[in-house]
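Undergrad: Starting off with a structure, shown below.
The values are calculated or read from the model by the stated rules, or taken from the named source; none is laboratory data. All values derive from a computational prediction rather than experimental measurement. Note that we place each Cβ from the backbone using ideal geometry, even for glycine, and neighbour counts take in every protein chain shown. Surface accessibility is based on the protein's heavy atoms, side chains included, excluding ligands, DNA and RNA. Shrake-Rupley method; radii C 1.70, N 1.55, O 1.52, S 1.80 Å.
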Amino acid sequence: MRASLILALFCVCSAASKIARDQQQDSSGRGLFGIPGAHAGLFAGYTVNWHAADFAELPGVPNCCPRFESGSGGGIYGGALMMVPVNSFWSIALRAGYFESSGTLSQRDIIGGALRNGQTVDALVEHSLEASLGALALEPQAVMRPFDFPLSGNVGLHFGYRLTSQFEQREVLLEPLEAIFDNGTAIRNERSGALPDANRISLALTLGLAYEVPLSSDATLAPEVHYSYDFAPVVSDLDWSVHSLRLGLALHFHRPQGPTAAEDASPEQSVPALDPPQLPEEPIAAASPLLQASLAVQGVFGDGAVDNHPVITIDESDIGEYFPLLLYVFFDRGSDDLARSRQLALRPQAVAEFREDLLDPATMTIYANMLNIVGSRLRANPTATITLIGRSSGSQANEANRRLARRRAEGVQAYLNEIWRIDPARMPIRVEDQNMSDPGLDSDDAREEIRRVEIESASYEIVKPVHLRSGLQQVTPSAVEITPAVRSTAGLAEWTLNVQSAEAAHVSYLGGAETHSLRWEIDASALSDADSVVAVTLDVRDLDGRSAAAEVDIPVVFRTRTDLRSDVTGTFRREKFSLILFGYDSDLISRQNTRILDLVRSRIQGNSLVSIVGYADRTGEPVYNKDLARRRCENVRRILLDKGVPARNISVHAVGSDVLLHDNELPEGRNYSRTVQIIVATPVSE
């Protein structure tokens with residue numbers, strides 16, 4: 001919604017700018033739409049919002065907050081304007097645009113009834129209500145300019161129609177850290193959606209100041225500040241209003257005044273002019289033809305900052321990621337053919353070249369190579385053993401299913417023996433029955449997941465996650481603005497702009513009779529450490545066939561991880577760990593996952609930021625799945641707290657089944673979706 005509004009606002013502003021420019025080019029000497037002195041413009045900026053409130057809950061939305069009293073937030077605004085002067089002191093202005101008045105109300109409270117280690121305790125909670133508000137509005141204003149210098153003040157009204165009125169609320173336990181609500185989590189009363197009984201109309205009084213700075217003969221730029229006092233409540237029958245301070249810029253397009261009729265009719269024109277004396281004509285030397293080309297480059301950074309002497313800097317940081325092994329081989333219904341599973345079979349001659357650290361860093365690629373990873377690790381650890389467990393979906397009396405389960409396990413054993421030369425004595429087989437009377441297993445998905453062979457091992461070296469490392473490149477500035485300039489007495493016929501490094505062409509553009517700026521979005525992957533400069537070249541040709549050229553070299557610097565400097569926005573080394581094999585509808589941390597958490601703890605430093613993100617598969621309702629994912633995250637968080645990780649460094653995000661990480665049409669995709677991911681971001685030291 002917000003992106004669509006900004007796009008529509010951009011189109012309206014572009015149209016207003018075009019009208020203003022067209023009026024400026026009119027030679028009639030009058031202003032916009034023929035009104036003397038009238039002009040148009042654009043405005044945009046940032047708004048700081050204060051929410052004043054006196055209510056406990058939204059209509060029909062349960063909340064335990066004793067009372068919301070205040071809040072704050074921010075947003076953007078922008079649009080088009082028109083101004084008509086009345087006299088040298090007063091003008092009338094009209095503004096139309098989009099204005100955001102979003103904010104978050106919060107209130108802390110001490111409650112009883114929280115649970116800690118099975119005991120009821122008092123706890124500190126925070127109630128929060130986040131409102132997303134955006135409106136289209138008209139603002140008629142009276143503008144006064146009482147001084148000789150270009151400072152003006154204005155007073156007006158704001159008439160708005162709210163297009164966006166959404167809310168999110170929650171109640172979060174803050175202290176003690178281990179406390180939970182009776183729902184088993186530290187969060188309750190989560191609600192979101194459209195604001196109930198939202199007031200679509202906003203009405204406010206506005207006061208403002210602006211100072212115009214000339215840019216050219218027909219344009220001025222005015223830094224401005226406005227205060228808006230809202231009279232209309234956000235929600236009908238609730239004491240809740242929004243007041244805003246707007247900080248922004250306005251661009252005014254003025255038409256230069258032409259000469260008046262009185263100025264054109266000068267007194268000298270009524271007197272017949274005398275013929276000047278005739279002088280002998282002398283040949284006038286023809287001016288030398290002129291064709292000149294030049295280039296200007298400007299680096300553009302992500303935060304809007306610019307650099308007139310850019311140096312392209314590519315920072316290469318090290319990323320480590322841990323991929324867990326799903327030690328299941330799934331089979332088709334009634335089949336024991338390993339070749340029809342999604343496990344990648346190697347030829348015997350390819351075994352010597354297999355290396356797990358060279359696998360693509362993709363979960364499903366690693367799963368497809370699971371048997372090869374196990375085979376490689378068994379060869380590297382000759383004393384380690386595994387157990388192959390064939391799952392049977394029938395009762396003990398169903399011998400046909402048990403024989404099928406054994407043949408599947410024997411197929412896995414045969415592959416590891418024939419391809420990886422693992423002694424079958426190190427791979428005993430066991431068949432286990434699965435009780436299908438469990439209601440949670442009464443589905444096609446559950447039956448598909450039971451048709452499997454499991455691999456168990458007491459050796460962590462066999463079942464440990466796969467650790468892969470890769471590099472991340474970050475380039476600054478993110479773009480280069482290239483401005484060509486040409487002076488030609490004969491007129492420009494065509495121009496060509498090229499951006500070239502030692503091994504790649506990045507931009508190639510052919511233009512016509514007029515030049516314009518081009519923006520090069522830098523792709524770090526297209527540059528290599530063999531590139532010390534990027535050459536920007538301009539070649540031009542005029543209508544007489546003459547040519548000229550200009551070139552600018554932009555330096556390129558590659559910095560490895562050890563050269564990086566940490567600062568407030570510094571480079572982080574990020575490592576991702578996954579915990580899988582949560583049982584159906586279970587948040588228990590398995591022994592294998594506990595071992596992985598020991599590894600996670602060893603990678604966390606005092607300044608590391610730890611994000612715990614929980615997911616679920618498609619089974620079950622989304623609301624329940626999100627709660628299940630949250631319980632899994634909280635269990636992981638508690639273990640990390642017990643291991644000494646500071647609570648302030650840990651954040652928890654429950655996604656549930658709102659985002660399915662993998663293809664849930666596949667049994668392995670569903671298993672990999674029952675996961676908790678831990679991302680450890682540590683600033684890279686110098």
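Undergrad: Please specify each residue of the stretch 292-307 satisfying the condition of being of a type in the set (A, V, I, L, M), outside any loop (DSSP other than H, G, I, E, B) and open to solvent by less than 50 Å² (accessible area, probe 1.4 Å).
TA: Ala293, Leu295, Val297, Val300
Undergrad: Same structure, new question: Quick one: would you say Leu579 is buried (at least 18 other Cβ atoms within 10 Å of the Cβ), over 30 Å from Gly656 (Cα atoms) and at pLDDT below 80?
TA: Answer is no for this residue.
Undergrad: Any residue in the stretch 170-189 that is more than 26 Å from Arg630 (Cα to Cα) and at pLDDT 90 or above?
TA: No; the residues of the stretch 170-189 include none that is more than 26 Å from Arg630 (Cα to Cα) and at pLDDT 90 or above.
Undergrad: Among the residues of the stretch 502-548, how many are under 18 Å from Val297 (Cα atoms) and of a type in the set (S, T, N, Q)?
TA: Final tally of qualifying residues: 5.
Undergrad: Filter the stretch 482-514 down to residues that are touching a residue at least 24 places away in the same chain (Cβ under 8 Å) and open to solvent by 50 Å² or more (accessible area, probe 1.4 Å), then give me how many there are.
TA: Total meeting the criteria: 7.
Undergrad: Ok, one more. Of the residues Gly248, Gly304, Gly299, which single one is at positive phi and modelled with pLDDT of 50 or more?
TA: Exactly one of Gly248, Gly304, Gly299 is at positive phi and modelled with pLDDT of 50 or more, namely Gly304.
Undergrad: Against the conditions (1) at pLDDT 90 or above; (2) buried (at least 18 other Cβ atoms within 10 Å of the Cβ), where does Arg145 fall short? Just the number, please.
TA: Going through the list (1) at pLDDT 90 or above; (2) buried (at least 18 other Cβ atoms within 10 Å of the Cβ), Arg145 breaks only (1).
Undergrad: Among the residues of the stretch 345-358, are any crowded, with 18+ Cβ neighbours inside 10 Å and either at pLDDT below 90 or outside any loop (DSSP other than H, G, I, E, B) (or both)?
TA: no
Undergrad: Those residues that are open to solvent by less than 80 Å² (accessible area, probe 1.4 Å) and either farther than 28 Å from Arg191 by Cα or in contact with an Asp or Glu (Cβ under 8 Å, 6 or more places away or on another chain) (or both), I need them from the stretch 110-127; list them, please.
TA: Ile111, Gly112, Gly113, Ala114, Leu115, Ala123, Leu124, Val125, Glu126, His127
Undergrad: Does Tyr98 count as in contact with a Phe, Trp or Tyr (Cβ under 6 Å, 6 or more places away or on another chain), among the hydroxyl-bearing types (Ser, Thr, Tyr) and either assigned to a loop (DSSP other than H, G, I, E, B) or touching a residue at least 40 places away in the same chain (Cβ under 8 Å) (or both)?
TA: Answer is no for this residue.
Undergrad: Could you please tell me which pairs satisfy a Cβ distance under 7 Å, a separation of 6+ or placement on different chains, a first residue in the stretch 211-222 that is closer than 10 Å to Ala250 by Cα and in contact (Cβ under 8 Å) with a residue 12 or more places away in the chain, and a second residue that is among the charged types (D, E, K, R) and open to solvent by 60 Å² or more (accessible area, probe 1.4 Å)?
TA: Correct list of pairs: empty, since none qualify.
Undergrad: When residues of the stretch 376-417 are filtered for being open to solvent by 60 Å² or more (accessible area, probe 1.4 Å) and within 49 Å of the chain's Cα centre (by Cα), how many remain?
TA: Count: 6.
Undergrad: If Val623 satisfies all but one of (1) farther than 16 Å from Phe577 by Cα; (2) open to solvent by less than 50 Å² (accessible area, probe 1.4 Å), what's the number of the condition it fails?
TA: Result: Val623 passes all but (2).
Undergrad: Looking for whichever is within 26 Å of Pro176 (Cα to Cα), crowded, with 17+ Cβ neighbours inside 10 Å and more than 21 Å from the chain's Cα centre (by Cα) here; the options are Val680, Val676, Val684. Which one fits?
TA: The unique qualifying residue is Val676.
Undergrad: Quick check on my filter: what residues within the stretch 150-201 are among the acidic types (Asp, Glu) and either assigned to a strand (DSSP E or B) or surrounded by 14 or more Cβ atoms within 10 Å (Cβ to Cβ) (or both)?
TA: Glu168, Glu171, Glu175, Glu178, Glu190, Asp197
Undergrad: Of the residues that sit in the stretch 632-648 and are touching a residue at least 60 places away in the same chain (Cβ under 8 Å) and surrounded by fewer than 19 Cβ atoms within 10 Å (Cβ to Cβ), which one is farthest from Asn593 (Cα to Cα)?
TA: Among them, the one singled out is Ala647.
Undergrad: Checking Leu81 against (1) exposed (fewer than 14 other Cβ atoms within 10 Å of the Cβ); (2) closer than 19 Å to Leu157 by Cα, which single condition isn't satisfied?
TA: (1)
Undergrad: Still on this structure, I have one more. May I ask you to list pairs of residues, at least six apart or on different chains, whose Cβ atoms are under 9 Å apart, with the first in the stretch 618-629 being of a type in the set (Ser, Thr, Tyr) and at pLDDT below 95 and the second being in a helix (DSSP H, G or I) and crowded, with 19+ Cβ neighbours inside 10 Å?
TA: From residues that are of a type in the set (Ser, Thr, Tyr) and at pLDDT below 95, the pairs are Thr619/Ala446; Thr619/Asn625; Thr619/Arg670.
Undergrad: Restricting to the stretch 591-616, count the residues that are open to solvent by 40 Å² or more (accessible area, probe 1.4 Å) and within 20 Å of Glu668 (Cα to Cα).
TA: Of the residues in that region, 1 qualify.
Undergrad: Within the stretch 646-678, work out how many residues are within 16 Å of Val613 (Cβ to Cβ), part of a loop (DSSP other than H, G, I, E, B) and either out of contact with any Asp or Glu (no Cβ under 8 Å at 6 or more places or on another chain) or of a type outside the set (D, E, K, R) (or both).
TA: 7
Undergrad: Here is a follow-up. Step by step: first the residues of the stretch 538-552, then only those that are in contact (Cβ under 8 Å) with a residue 60 or more places away in the chain and not charged (D, E, K, R), then the one that is surrounded by the most Cβ atoms within 10 Å (Cβ to Cβ). Which residue is that?
TA: Val540
Undergrad: Would it be correct to say that Leu81 is assigned to a strand (DSSP E or B), over 20 Å from Gly184 (Cα atoms) and either over 34 Å from the mean Cα position of the chain (by Cα) or of a type outside the set (Gly, Ala, Ser) (or both)?
TA: The answer is yes for Leu81.
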